[in-house]
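To keep things clear, I will list the structure first and then write my remarks on it.
Laboratory data are not the source of any read-out in this text; all were calculated from the coordinates shown. Nothing here was measured: the structure is a model prediction, and the numbers come from that model.
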Amino acid sequence: MKIAILHGPNLDRLGQRQPEVYGSATLKDLEKLIRAEAKRLGFTVVFFQSAHEGALVDKIHELTDRGIEAFIVNFGAYSHTSIALRDALASADLPAVEVHISDIKQREKFRHHSMTAGACIAMISGKGFPGYIEALRILSRL
C-alpha cells in the first residue's frame, strides 16, 4: 500500500514549538518513526508538509491522481477550519486517518471540533507520535 502523510502549518516547527504540548522531537524524527513502521508493514510512504491550505489541497489531488492508496493527515489548525481540505479528502475517495499529537478535546474550545475528520475513517488524538503508528495499523487492517 502506498500511503501519503500530509502535515499542515507549524508541524515543521515540532521540537521548537510548545515542547510542553508537542514534545521535543522534530518532524524528521517523526518521519523516521513512521518509515520504520511502514517498512515493517510493507507500506511505501511519502511525506508532504505545507503551511498553505491550497498547497495541501493540490497535493491531495496530485497524489490521488498518481495512485496513492491512503492518507494519514495532520492538518494542524486547518483541521478546525478547512472545508476545502475536507472536500479534497472526500473527493479523493480513499481511506484517510486524521492524527493529532495533542488531545484536541483538552485544548482550547475552538480546537474541540475537527472539520476534516468527517472525511476520514478514524481520528486519533492525544497519543503523541505513537498515534501515527496506530494510524498505520488501522490502514493495515483494510
Report summary line: Mean projected area (nm²) from the convex hull of Cα positions in the chain is 7.4
**Report entry** Table column - 3J(HN,Hα) (Hz), the range 110-121, Karplus curve with 6.51, -1.76, 1.60, x for Gly and Pro
**Finding:** 5, 8, 5, 10, 9, 5, 7, 4, x, 9, 10, 7
Query raised in the report: Do the sum for the chain: with -39,500 (n - 2.57) for every DSSP H run of n ≥ 4, divided by all residues, what is the mean residue ellipticity at 222 nm, to the nearest 500 deg cm²/dmol?
Result: -11000 deg cm²/dmol
Query - Cα gyration tensor shape for the range 1-58, rounded if a/c is under 1.5, else prolate or oblate - result: oblate
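Distance check, please: which entries in Lys39/Lys109; Lys39/Lys59; Lys2/Lys109; Lys28/Lys59 exceed 30 angstrom between their Cα atoms?
Flagged as over cut-off: Lys39/Lys109; Lys2/Lys109.
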Report summary line: Yeah, the range 77-116 with a ≥ b ≥ c from its alpha-carbon gyration tensor (a/c under 1.5 is rounded, else prolate when a/b outruns b/c, oblate otherwise) is oblate
